[in-house]
Each structure stands twice: as structure tokens, then as C-alpha cells.
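So the structure is just underneath, and the comments pick up after that.
Please treat every number below as a calculation from the coordinates, not as lab data. Small disclaimer: the values here were computed from a predicted structure and weren't measured. Cβ coordinates were reconstructed from backbone atoms using ideal geometry, including for glycine residues, and neighbour counts include every protein chain displayed.
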Amino acid sequence: MDDRYVLPSELTQESIAGSTGIQRKHLPQYLKDLIGDGLVIQRKAHMKGMKQRMNGYYLSPNGFARSGELRKRIGDLVVPVRLTGKVVRMKISEIDDATSKHITFCDIVTEAALKGSLDMESLETIESRKLHAIEKKDEATEAYRRALATAWRDGRVTATERFLIEELRSLLKISEKKHGTLETEILKKLAEDHMEFLRIYSEVLEIALSDGLLDGPEVEILESLRRMLRISREDHDNLVKDIRMELFGPANGVSPDEVVGK
């Protein structure tokens, strides 16, 4: 992993939390202890499928050796498993071979911890349950993203909107970090859209001002376009001044109010 420019996405905190069943908010402390013991390496790098560089976490040589010892110790444990109505004793390492779908030691240990026992029929559904949980989480994230985008659609969030967003975030169990990531993406998109809207509005203004005259219909069209593209009065005024300067020079300036009436 030390030599890789791009790390697998499975090495992010979010993926590790999902794979191990550890709550995301508790994971940093576990990782801090493992890093301190020299068992895990933390490195900021490009992550596969992600735009930003993020911290990746992977086993050090000592950690890899330690994990091998741990896997062997857990795999050799003999535990009771309910199978077709009767209880049989199996090594944990044998359970995966007995199921039709691949399950990990983490899956088996988590199932035993949550339910107090192991049932082969229930173990068979682990993968589908994990997939369902991921889909539900994705749906919650998308619903929250849409609500957040709606709150920011006019370029600002009121105190009431902020309160409602926080309530929704709590209800959907969206982390503060996830909220920050989504809000950053939305604000970046708003900024990009605003620059494009300014470009379009500027081109229309330049055409309208090319003959130096504006009549009633032109004023109405420009005002409608300004509102539709969410161009502020200040941006409009600045664009008019710049265009008049380019077309006619400083001696032929015109008040922005002549273009779009206040």
C-alpha cells in the first residue's frame, strides 16, 4: 500500500466502520490506538472513485502479522450453530464454507454478539441485509442532499431553514462530516452555476446595449431574465457599467436604472 498512488476506497474510515460494524463516531479512537501501537498506517492519498484526497488506513507489516495470528485464533474456535433445526458444533473457519454466500469473520462475530447465538439461515442473509442497510443510507443521504440544496437555492440559509435542516439531519442520522461534504458540494455547484448565469446575462446585456438604446420590451425581458438567473441588482449594475465602458468608452456612461428600472 505504501507504493500505491491511489488507495482502494475500502480503506476509508466510512468503509472500515461499515465492514467491522463499529459506529463511525467511535472508529477514530480505535484507529488512534492501533496507529500508536504500530499496527496500522495512516496516509493521505487519492482514493479510488473519489475526487478529494482522504486519509487511508491499512495494516503495517506488524499489523499484518498480528492479524494473521488473530484470524487463526478466531478461526479455530468451535461454536454451536443452529443448522436445519438442530445444533451442531463448527469451527468459525468452517462456517463460511457451509454458506452459499461469502461471509467474513467480522460478520460472524458481529452476528453472534448481536443475537447471542448463530443460526445458519440467518447467516445466509447477512450480505443482503448489509446491502439493504447501505441502500437505506444512500436514500437518506440523497433525501438530505435535496433538502439542503433547496435551502441554499437562493444563495443563503435563514435561521428557520437551518433549524429544519438540523432536525432533518438528526432524524436521518446524517453525520456532521457528511453534512459538511454535501454542503461544500452544493455551494461549489451554486458558485459554478452563478458564474455561468453571469456569463449568459452579460452576453444578453451586450446585445441589448449594442445600439445604445433600450425600449420597454427590452427592459421587461432583461428584468425577467435577471430574476430567473438570480442575478443580484449589484451584479447587474456592475455588468452594465463594464459593458457600456467597452462599447462606448467612459464619456458615454449610462445609469443602470436606464436598463432595468428599480
Can you list the lysines whose alpha carbon is less than 21 Å from that of K51, not counting same-chain residues fewer than 8 positions off?
-> K137, K177, K178, K188, K189
May I ask for the equivalent-ellipsoid semi-axes of region 129-174, computed as the square root of five times each C-alpha gyration tensor eigenvalue and listed largest first in whole Å?
-> 25, 11, 4
Rank the residues L225, L118, L77 as a footprinting-exposure proxy: fewest other Cβ atoms within 10 Å of their Cβ go first.
-> L77, L225, L118
At a Förster radius of 22 Å, what calculated FRET efficiency corresponds to the Cβ-Cβ distance of M1 and D37, to the nearest 0.05?
-> 0.80
Could you give me the ³J(HN,Hα) list for region 68-76, computed from phi with Karplus coefficients 6.51, -1.76, 1.60 and θ = phi - 60°, whole Hz, x at Gly and Pro?
-> x, 5, 5, 4, 5, 5, 5, x, 7
Estimated translational D of the chain in µm²/s (Stokes, Kirkwood radius over Cα pairs; 4 °C; 1.567 mPa s) | 54 µm²/s
Nearby lysines by direct alpha-carbon distance to K72 (threshold 20 angstrom, same-chain neighbours under 8 apart not counted) | K91
Treat each spin label as a single point 7 Å out from the Cα along the C-beta direction, and report the K115 to L70 distance in nm.
-> 2.4 nm
Determine the percent antiparallel among the DSSP beta bridges restricted to the chain, to the nearest 5.
-> 75 percent
Quote to one decimal, in nm, the extra length available between M228 and M195 on full extension: 0.36 nm per residue of separation minus the C-alpha distance between them.
-> 10.5 nm
K101/V219 FRET efficiency (R0 45 Å; Cβ-Cβ; nearest 0.05) | 0.10
Candidate aspartates and glutamates - alpha carbon under 17 Å from K48, same-chain residues fewer than 8 apart omitted = D2, D3, E10, E14
